[in-house]
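For reference, the structure discussed in these notes is given below.
The values are calculated or read from the model by the stated rules, or taken from the named source; none is laboratory data. Fair warning: this is a prediction, and the values are worked out from it, not measured in the lab. As a convention, Cβ positions derive from the backbone with ideal geometry for all residues, glycine included, and neighbour counts pool all protein chains shown. Just the protein is used for accessible areas: all its heavy atoms, side chains included, with ligands, DNA and RNA removed. Shrake-Rupley method; radii C 1.70, N 1.55, O 1.52, S 1.80 Å.
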Amino acid sequence: MTDNLKKVPVGCPHDCGGSCLLIAHVEDGVVKRITTDESLPDNPGVAQLRACLKGRAYRQRLYHPDRLKHPLKRVGERGSGKFEQISWDEALDAVAENMLKIRDKHGPTAIMNISHSGSMLCSYHGKGCIYRLLNMFGGQTMLHSIVSNEGGVFAALHTYGTVFTTSEREDLLNSKMIIIWGWNPTDSVWGTNSSYYLALAREKGARIVAVDPRYTDTGATFADQWIPIRPGTDTAMLVAMAYVMIEEGLYDKNFLDKYTLGFDKFKEYVTGREDDVPKTPQWAEQITGVPAQTIVELAHAYSKTKPAALTVGHGPGRTNHGEQFHRAAATLCAMTGNVGVSGGDTGVSIFGYPIQTKVMSFPAGGSPENVSVHFNKWADAIIEGRTGGYPSDIKMVYSVAGNTVNQLGNVRKADRALKMLDFMVAHDHFLTATARYADIVLPATTHFERSDVMSPWCFGHYIIWSEKAIEPYGECRNDIDICADIAKRLGIQSYNDTPEDEWLKYLTGSADISDWDEFQRRGFLKYKLERSHVAFREQVEDFENNPFGTPSGKMEIYSQSIADMGKPDVPPIPKYVPPSNQEADDGGFPLRLITAHSKKSCNSMFYNLPWVREAEAQEIWINSADAGPRGIKNGDMVKVTNGIGATVLPARVTERIVPGTVNIDQGMQFEFDSTGVETKGCANAVCPDVHTSIDITPYNSTRVQVARA
Ligand SMILES: Nc1nc2c(c(=O)[nH]1)N[C@H]1C(S)=C(S)[C@@H](COP(=O)(O)OP(=O)(O)OC[C@H]3O[C@@H](n4cnc5c(=O)[nH]c(N)nc54)[C@H](O)[C@@H]3O)O[C@H]1N2
Ligand SMILES: Nc1nc2c(c(=O)[nH]1)N[C@H]1C(S)=C(S)[C@@H](COP(=O)(O)OP(=O)(O)OC[C@H]3O[C@@H](n4cnc5c(=O)[nH]c(N)nc54)[C@H](O)[C@@H]3O)O[C@H]1N2
Ligand SMILES: [Mo]
C-alpha cells in the first residue's frame with residue numbers, strides 16, 4: 001500500500017433491484033480492489049448497504065479485455081460484429097449527419113429510441129440524456145410499458161390508487177408468517193437488504209412459506225415449506241384460499257367493510273353463486289397442481305397468524321392475466337386485515353418509502369411530437385411500419401444503456417428488423433447483442449468514471465453519493481457529453497450548459513442534504529424516520545382523513561375503472577381467467593417455460609466476468625419426470641424449441657422445479673449458428689414478442705419442447 005491510495009465511495013446504478021455502496025481502492029489512478037459498506041449502522045432504520053458478488057467483481061468489468069475503448073464504425077454486414085476504430089469527430093459527425101438526413105426526409109419519429117435500464121439509478125448520468133437530445137431534435141418513437149411488472153402497476157393503480165404499495169423491508173421483522181410468492185431475493189435482490197431482513201425474521205421465529213415453480217435459493221435458505229405451483233395459475237390458488245376463508249368465516253369482515261369496496265361481488269364469484277363453479281381447493285388443485293389439502297392448510301395458517309406478510313415478486317405477474325394475480329393477492333391481504341398493518345403486506349410490490357420523489361432525473365426537455373409503440377413490439381414496428389398499423393416508419397434506432405435487442409421477445413425477428421434500418425447508434429460499455437447491430441458504437445464511461453447521486457430501486461430510505469474514482473477508460477466519454485456534442489452538430493442550443501456539480505445540486509434539491517461534505521465523505525445519506533415505513537398505515541390508522549387514492553377512496557376489490565375499460569379478459573373483480581383456446585393450444589410445445597432473473601447476471605450484464613461465472617452456470621432446469629422420457633441426463637446439451645425459435649444449452653435435471661415446467665434464466669446474449677439456432681441459452685430466442693390487453697410482456701407464459709441436442 002502506498003500513500004497515494006484513496007478509498008472512494010461509488011454506488012452501483014444498474015437495474016438489479018438493489019442500490020449498494022462500493023468502495024473503490026484507487027492507487028495511481030487504477031482501481032486495485034473493491035470493498036463495500038463497512039460503516040457502523042448509526043441509524044437502526046437502514047442496515048449497511050453491502051454489495052453483491054457482481055458489485056464486488058466490478059474491477060473485472062471495468063478492465064475487461066472486451067470493454068469498448070474507442071468509437072467504432074461498422075464495416076461488415078449489420079450484426080456481423082465487424083467494426084473498425086474511428087475518431088470521436090468522425091463518429092459524432094456520422095451520427096449527426098444521419099440524424100439530420102433522416103429527420104429531413106422522414107420526420108423525427110423515424111428515429112426509434114430503444115434505450116432501457118442499464119444506468120437506471122443514476123439521477124444525472126442515466127438514460128435521460130437521449131430522451132432530451134431526441135426531444136430537442138423534434139421527437140422520437142418511444143417504447144411504452146414496463147416490461148418488469150406492468151401487471152403489478154395496473155393492479156396497484158386500480159386497487160390502491162398508487163404505486164407506493166410496499167412497506168420497508170425491515171418491517172418483515174414484525175411478521176409472524178411470511179409467504180414469499182414468486183419472490184426470490186437471494187438472487188434478484190429487490191432492495192439491498194431483503195435477504196438480510198428475511199434472515200433476521202426467520203431468526204425471530206417467523207414461519208416462511210415459498211410458493212414458486214422452483215425451489216429457489218431463497219426458498220432453500222429461508223423457507224419452512226416449499227409449495228410448488230404451475231406458473232401462470234397462482235390466481236386460482238389465491239381464489240381457492242379465499243374460498244376456504246369465506247366458507248369457514250376466517251376473514252376480517254370489519255376490515256373489509258371499512259376499507260374496501262366490492263368484496264360482496266368477489267364473494268359471489270368465489271362461492272360460485274355467480275357462475276355455478278365454487279372455487280374450491282379441489283377446483284384449484286386441477287389447475288395449479290397444488291394438492292387441495294395444502295391449499296386449505298395455507299389458508300388456515302395465513303388467516304390465523306397475525307400479522308402475516310404475503311410478499312410477492314414480479315415473476316407471477318409477468319404472465320398472461322398477471323394483473324389478476326396481484327389483484328387477488330391484494331384481496332387476500334385485505335381479507336386477513338394485513339394491509340396498512342406493521343408485519344403485513346399488500347400483495348403487490350412496487351415502491352416502498354417514496355425516496356424516488358426526492359431525487360430528480362436529468363430532464364427530458366423540448367416540446368416534441370413523440371409517438372410510441374409497445375416495448376415488445378419494437379422490432380415488429382420496424383418491420384411493419386405505418387402500413388402495419390404502427391404510428392411511424394422507422395429508419396433509425398438509437399440505444400443508450402439498454403440491450404433491448406436481447407432482452408425483449410423473439411430475437412430472430414429483432415435480427416430481421418435491424419437489417420432493414422438505414423442507421424443505428426449505440427452507446428455501451430461492451431459490444432452487446434444490441435451494439436453489434438449499430439453502424440456507430442460509442443464507448444461510454446461507467447459510474448466509476450463520473451460523479452452522480454443514486455436513489456434505491458424501490459426500497460430503503462437512503463441516497464448514495466457516487467464519486468468519480470478514476471479517469472475515463474480508454475477514450476470513453478459520459479453519455480451526456482456525447483449527446484451534448486451531437487446536439488451542437490445538430491444546431492440544438494442549450495442542450496447542456498450546466499456543469500455536473502451544479503446539476504447534481506439541482507437534481508437533489510428536495511433531498512434534504514444539509515451537509516454535502518459529510519454526504520460525500522461517507523458516500524450515503526440515510527434518512528432518519530420516526531418509525532419504519534408501512535404502506536397504507538395512514539389510511540388504516542385514520543381513514544377519514546387519509547382515503548386511498550382510488551376513485552372511491554377505498555381499496556377497490558371491485559374496480560369500476562377496470563369495468564369501464566370493457567376488456568372481456570380483464571374482469572373488474574380478481575378472477576382466475578383460464579387460458580384462451582389459443583393460449584391453451586400448446587401447438588406441440590407441452591412444457592411451460594419461465595425465465596427467471598438470476599444471481600449470475602443483472603439482466604444481460606455481468607455474465608462475462610470470471611468471478612461471476614463461477615457462481616452459477618447457464619442451464620435449463622428440467623424435472624426428472626420430464627427429462628427421463630426424453631432421454632435427457634444431467635449435463636446433456638438440449639435444444640429448446642417452439643414456433644418462435646430455438647436455443648441450445650446444458651440441462652440440469654433437478655427436483656427443484658415442478659414437473660411440466662422448465663426454467664431458462666433470462667439475460668444470456670444471443671449468438672446464432674449457421675442454421676439460425678441460438679447457441680448461448682438466450683431465453684428470448686423462444687419468448688414471443690407479444691403483450692396482453694393491458695400491456696404485460698408475458699415472458700413466463702411461454703411454451704416449449706425440449707429434446708437432446
Ligand atoms: N441478480 C439479479 N437481480 C435482479 C435482476 C437480475 O437480472 N439479476 N433483475 C432485476 C429486475 S430488472 C427485475 S424487474 C427484478 C425481477 O424480479 P422478479 O420478477 O421477482 O424475478 P424473477 O426471477 O423473474 O421471478 C421471481 C420468482 O418468481 C418465480 N415465478 C416465475 N413465474 C411464476 C409464476 O407464474 N408463479 C409463481 N408463483 N412464481 C413464478 C420464479 O421462479 C422466481 O423464483 O429483479 C431485479 N433484480
Ligand atoms: N425472457 C425474459 N427477458 C427479460 C426479462 C424476463 O424476465 N424474461 N426481464 C425483463 C426485464 S424485467 C428488464 S428490466 C429488461 C432489462 O433490459 P435492459 O435494460 O435492456 O437490460 P440490461 O442487460 O440491463 O442492459 C443494460 C445495458 O446498459 C449498459 N450500460 C450500463 N450502464 C451504462 C451507462 O452508464 N452508459 C451506457 N451507455 N450503457 C450502460 C450495459 O452494459 C448493458 O448492456 O429485460 C427484460 N428481459
Ligand atoms: Mo425489470
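For region 193-310, please list each of the helices (runs of 4 or more DSSP H) lying entirely inside it that holds at least 3 residues being more than 27 Å from Thr661 (Cα to Cα).
The helices (runs of 4 or more DSSP H) meeting that bar are 194-203, 234-247, 253-259, 263-271, 292-304.
Take the conditions open to solvent by 10 Å² or more (accessible area, probe 1.4 Å), under 21 Å from Glu538 (Cα atoms) and either assigned by TED's automatic domain parsing to the domain that holds Gly553 or basic (Lys, Arg) (or both) and apply them to Val341. Does it pass?
Yes, satisfied.
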Exercise. Quick one: Glu274 ticks every box in (1) out of contact with any Gly (no Cβ under 8 Å at 6 or more places or on another chain); (2) touching a residue at least 12 places away in the same chain (Cβ under 8 Å) except a single one, so which number is it?
Key: (2)
Quiz item: In region 330-337, is there at least one residue being part of a helix (DSSP H, G or I) and in contact with a Pro (Cβ under 7 Å, 6 or more places away or on another chain)?
Solution: yes
Quiz item: Does any residue of region 75-86 turn out to be outside the structural domain of Asp695 (by TED's automatic domain parsing) and surrounded by 24 or more Cβ atoms within 10 Å (Cβ to Cβ)?
Solution: no
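Yes/no matrix, rows are residues, columns are (1) within 16 Å of ligand 3 (Cβ to nearest atom); (2) part of a helix (DSSP H, G or I); (3) touching a residue at least 60 places away in the same chain (Cβ under 8 Å):
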site: Gly151; (1), (2), (3): yes, yes, yes
site: Gly161; (1), (2), (3): no, no, yes
site: Leu172; (1), (2), (3): no, yes, yes
site: Ile180; (1), (2), (3): no, no, yes
Quiz item: Taking region 183-233 only, how many residues are charged (D, E, K, R), within 16 Å of ligand 2 (Cβ to nearest atom) and either within 27 Å of Met335 (Cα to Cα) or not assigned by TED's automatic domain parsing to the domain that holds Gly272 (or both)?
Solution: 1
Quiz item: Can you tell me which residues in region 344-357 are over 19 Å from Trp183 (Cα atoms) and either assigned to a loop (DSSP other than H, G, I, E, B) or open to solvent by less than 10 Å² (accessible area, probe 1.4 Å) (or both)?
Solution: Tyr353, Pro354, Ile355
Self-check item: Which numbered condition Ser399 misses (of (1) open to solvent by less than 10 Å² (accessible area, probe 1.4 Å); (2) in a helix (DSSP H, G or I); (3) within 16 Å of ligand 2 (Cβ to nearest atom))
Solution: (2)
Exercise. Report yes if some residue within region 98-115 is within 16 Å of ligand 1 (Cβ to nearest atom), under 23 Å from Pro472 (Cα atoms) and either among the β-branched types (Val, Ile, Thr) or surrounded by 23 or more Cβ atoms within 10 Å (Cβ to Cβ) (or both); otherwise report no.
Key: yes
Quiz item: Among the residues of region 580-591, is there at least one that is of a type in the set (S, T, N, Q), at pLDDT 95 or above and outside any loop (DSSP other than H, G, I, E, B)?
Solution: no
Quiz item: Which one of the conditions (1) open to solvent by less than 50 Å² (accessible area, probe 1.4 Å); (2) within 16 Å of ligand 1 (Cβ to nearest atom) does Arg592 fail to meet, given that it meets all the rest?
Solution: (1)
Quiz item: Are any residues in region 126-171 within 16 Å of ligand 1 (Cβ to nearest atom), open to solvent by 10 Å² or more (accessible area, probe 1.4 Å) and not charged (D, E, K, R), and if so, which ones?
Solution: Leu143, Ser145, Ile146, Val147, Ser148, Asn149, Val153, Phe154, Val163
Quiz item: Of all residues in region 241-272, how many are charged (D, E, K, R) and either in contact with a Cys (Cβ under 6 Å, 6 or more places away or on another chain) or more than 21 Å from Val296 (Cβ to Cβ) (or both)?
Solution: 5
Quiz item: Among the residues of region 656-668, is any open to solvent by 40 Å² or more (accessible area, probe 1.4 Å), in contact with a Ser or Thr (Cβ under 7 Å, 6 or more places away or on another chain) and farther than 25 Å from Asn603 by Cβ?
Solution: no
Quiz prompt | Residue count for region 608-622, restricted to those that are of a type in the set (Val, Ile, Thr) and either part of a helix (DSSP H, G or I) or not assigned by TED's automatic domain parsing to the domain that holds Arg652 (or both) | solution = 1
Quiz item: When both residues are 6+ apart or on different chains and their Cβ atoms are under 7 Å apart, which pairs have a first residue that lies in region 606-619 and is farther than 16 Å from Lys680 by Cα, and a second that is open to solvent by 50 Å² or more (accessible area, probe 1.4 Å) and among the aliphatic types (A, V, I, L, M)?
Solution: Trp611/Leu53; Val612/Leu53; Ala615/Leu53
Exercise. Any residue in region 498-527 that's at positive phi: show its pairings with residues that are open to solvent by 70 Å² or more (accessible area, probe 1.4 Å) and in a helix (DSSP H, G or I) at Cβ separation under 9 Å, as long as the two are six or more apart or on different chains.
Key: none
Self-check item: Positions within region 311-322 being within 16 Å of ligand 2 (Cβ to nearest atom) and either open to solvent by less than 10 Å² (accessible area, probe 1.4 Å) or part of a helix (DSSP H, G or I) (or both), in sequence order
Solution: Val312, Gly313, Gly315, Pro316, Gly317, Thr319, Gly322
Quiz item: With (1) more than 20 Å from the chain's Cα centre (by Cα); (2) open to solvent by 10 Å² or more (accessible area, probe 1.4 Å) as the list, and Glu678 as the residue in question, which single condition is left unmet?
Solution: (2)
Quiz item: Among (1) away from ligand 1 (no atom under 16 Å from the Cβ); (2) closer than 23 Å to Cys682 by Cβ; (3) of a type outside the set (A, V, I, L, M), which single condition is Gln407 missing?
Solution: (1)
Exercise. Just give me the residues in region 499-527 being surrounded by 11 or more Cβ atoms within 10 Å (Cβ to Cβ) and either among the aliphatic types (A, V, I, L, M) or in a loop (DSSP other than H, G, I, E, B) (or both), in sequence order.
Key: Leu504, Leu507, Thr508, Gly509, Ala511, Ile513, Gly523, Leu525, Tyr527
Self-check item: Pairs with Cβ under 8 Å, 6+ apart, first in region 208-235 and under 20 Å from His321 (Cβ atoms), second assigned to a strand (DSSP E or B) and aromatic (Phe, Trp, Tyr)
Solution: Val211/Trp181; Asp212/Trp181; Asp212/Trp226; Asp234/Trp181
Exercise. Determine which member of the set Ala685, Ala651, Ala625, Ala646 is open to solvent by less than 20 Å² (accessible area, probe 1.4 Å), outside the structural domain of Thr404 (by TED's automatic domain parsing) and under 24 Å from Gly289 (Cα atoms).
Key: Ala651
